[in-house]
Structures are given as structure tokens and as C-alpha cells.
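Q: Sharing a structure with you now.
The values are calculated or read from the model by the stated rules, or taken from the named source; none is laboratory data. Only a predicted model underlies this, so the values are computations on that prediction, with no experimental measurement involved. Methodologically, a virtual Cβ is constructed for each residue, glycine included, from the backbone with ideal geometry; neighbour enumeration extends over all protein chains shown.
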2 protein chains.
Amino acid sequence: MTSKLTLPQLNALDAAAFVQVLGAIFEHSPWVAERVLIQRPFDSTPALHSAMVAAIEAEGSEAQLTLIRAHPELAGKAAVRGELTEESTREQSGAGLDRCTPLEFAELQRLNTRYNEKFGFPFIVAVRGHTRHSIIALMAQRLENSAQAEQGECLQQIYKIGQFRLGDLLAET
Amino acid sequence: MTSKLTLPQLNALDAAAFVQVLGAIFEHSPWVAERVLIQRPFDSTPALHSAMVAAIEAEGSEAQLTLIRAHPELAGKAAVRGELTEESTREQSGAGLDRCTPLEFAELQRLNTRYNEKFGFPFIVAVRGHTRHSIIALMAQRLENSAQAEQGECLQQIYKIGQFRLGDLLAET
């Protein structure tokens, strides 16, 4: 029988192991886990998540942009089989992204390119709960935003993704 | 008192948690952890490492290239403070990369650019045990290799990095 990692187990890890375990909660950015090391022990998953979000918020705009840019493009991600995690497969399948028509796929590519050209970073959305139609509509809508608003929105989506990933990792307290 | 995660603890994790825990062993490529899920329980860290390496080897050249390209550039990595992990800081400090002179830094940038232009992927080396001098010499030397040889060498270095990261995460068996 398998189960999730418990918070006491996580709290008991040495620094390197703790950072390694939480290294992928925020894409390619284990520094977030390092920033909260000193705040252990955490007594709930939301408390841990809040501490990690606060660590990102405490960083300057440049570090936050680096975090955003560490994410792959949505349609590119779906297209490259090797990059899809079991979780992403489930999420993107849940959002119907694996059943894009060629036209929808082309539309996603076009929107990705326009988005990247306008803002200089990839479009990020926590896809759980979305459909491919709602994602395409959302991208078109968010393309109208200012760069500042979009940088903020991408961070909010990243926090949500981190919340989902922590939920996958840790047993409820 | 803190310690490392034990193999029995790792073996007992459910699929999503197992993949999350091992998600950063190979840069931005949690699919490697997914491929070995079915082979649990593992009875030693080397056995787990071998299984993960075999999963990468079983992939085609394209997926392996994607894995290689998921790595940041060495000097760029050192330069962007927000991307440096505690572990990388220790490693790069161990290799003296935080004490580059402006000339050495410029040389690393120049070599990175030439390397990327020639091969189409970033230079990868497991820096533990290296000095900045040996890294610069190694880059210049590896620039002479064929693309095929360098793709193989980058994979070998990635396997070594994965071995170090597993060692940080897991208690010895």
C-alpha cells in the first residue's frame, strides 16, 4: 500500500533532502524551498505553501521573471511527448489538450507566439479544471492585458500550480 | 535532528508523490521518475539510479536532446542569482565559479555561445570536483568533439548530476 509523504517526515529531512524533495514544486526553482528551510517545522500544507509564496513575493521582479521564464510553453509542452509528466498528461487530458484538432493546435501555437512576442515570457495557466476551449479563450483575453498585469497573473497561476503539486506530494494534515 | 529520506519511505509513496519527490533529480524531467514507478521497491540508491538511467537510455535521441536542453547555461546559471540553489552555490563555490575574474567570466560566456552555436544545446558538466580553470579547459576541449560525441557526453554528465542529487536526497542503505 502506498501513501503520501507526511509533514513530520518532510520536517525531519536534512536541508539538502528537503530542498530536493520540494525542488520541483516551483518549476526549475529549488531556491524557493531553500528560502523557507529556516521556518520549519510547518504544521500544515497551506502554511508551507504560504511560506513559499511569500519567499517568491519577497524577491524582486527580475527573479520572478526568471521563475516565469522557467516554464515551458503550453502547446509546445503538449507536443513534446518526452516532457509530459504523468501529472501533466492527466491535467492536459482533463483539459482536452490531447484531443486538439489541427486547427486548435495551430491556434494555440499562434497565440503562444503572439503572447511571447508581446510579453517576453510564456503564457502560464494552471490547467486543472480548464478545457481546451477555455484555455484558448483565456489566452486571447489575457493577450489584451498589460505586461505588468500579465506578470502578476502568471505568478498567481504558478502559485496555484505549486498548491496542486504540494497536494500531490503531501498527506493531508 | 534532521536526516535524509529513506528508501523504504520513498518506496511507500503513492505514484504522484514519488514522481514529485524525484521530479528534480533530472532537470525539469519528472517523466524519468514515472518510467521507473513500476519497478518499485528499489533496494538501493544505485539500483534506483540505474533504473532511471536505463529509462533515459531507452528513449530516443529526441527525448534525450530535450532533457539536455532543459539545463541552463553554466555561466548564465552562475550569473542569475535567483536560479542558484543552495546545492549549486556550494558546488559552484567549490569549483571557484563564484570567484571568476571578469576575464574568466567573459571567457566562459564566449565558450558557452560557441558551444551552443556548434551543437544546439548547452554545455553540461557535473561541476563537483572541478575548478573554474578545469571547467574552462574542458569546455574548450569538448568544443572540438562531434555533436554526436557531445550529446553522449552531456548525458553522462547528467547521469552523474542525478547520482549526486539522489545522494543528497536519500539515506545510504
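Q: Out of the residues in the range A:1-13 that are assigned to a loop (DSSP other than H, G, I, E, B) and polar (S, T, N, Q), state the one that is farthest from the other protein chains (Cβ to nearest Cβ). Full working, then the answer.
A: Pass one, the range A:1-13, residues assigned to a loop (DSSP other than H, G, I, E, B): A:1-2, A:4, A:6, A:12.
If we keep only those that are polar (S, T, N, Q) as well, we get A:2, A:6.
Details: A:THR2: 4, A:THR6: 9 Å.
Checking each candidate, the answer is A:THR6.
Q: Yes or no: A:ALA16 facing chain B (nearest Cβ under 9 Å), of a type in the set (A, V, I, L, M, F, W, C) and more than 25 Å from A:GLN157 (Cβ to Cβ)? Let's see the steps before the verdict.
A: Working: facing chain B (nearest Cβ under 9 Å): yes; of a type in the set (A, V, I, L, M, F, W, C): yes; more than 25 Å from A:GLN157 (Cβ to Cβ): yes.
Here the answer is yes, as A:ALA16 does meet what is asked.
Q: Now for a separate question. Filtering the range A:59-87 down to residues that are modelled with pLDDT under 55 and in a helix (DSSP H, G or I), which residue is nearest to the other protein chains (Cβ to nearest Cβ)?
A: A:GLY82
Q: So for the range A:121-137 (the condition being in contact (Cβ under 8 Å) with a residue 12 or more places away in the chain, aliphatic (A, V, I, L, M) and assigned to a helix (DSSP H, G or I)), does at least one residue qualify?
A: Scanning the range A:121-137, I find at least one residue that is in contact (Cβ under 8 Å) with a residue 12 or more places away in the chain, aliphatic (A, V, I, L, M) and assigned to a helix (DSSP H, G or I), so the answer is yes.
Q: Only residues that are more than 17 Å from B:ALA16 (Cα to Cα) and facing chain A (nearest Cβ under 10 Å): list them for the range B:30-58, please.
A: B:ILE56
Q: Still on this structure, please answer the following. Mind checking which residues of the range B:33-52 are touching a helix residue (DSSP H, G or I) at 6+ places or on another chain (Cβ under 6 Å) and within 14 Å of B:ARG165 (Cα to Cα)?
A: Initial filter on the range B:33-52 (touching a helix residue (DSSP H, G or I) at 6+ places or on another chain (Cβ under 6 Å)): B:33-37, B:39-42, B:45, B:49, B:51-52.
Selection gives B:ALA33, B:THR45, B:HIS49, B:MET52.
Q: Also: Is it true that A:GLY94 is under 21 Å from A:GLN163 (Cα atoms) and touching a residue at least 24 places away in the same chain (Cβ under 8 Å)?
A: Details: under 21 Å from A:GLN163 (Cα atoms): yes; touching a residue at least 24 places away in the same chain (Cβ under 8 Å): yes.
Yes.
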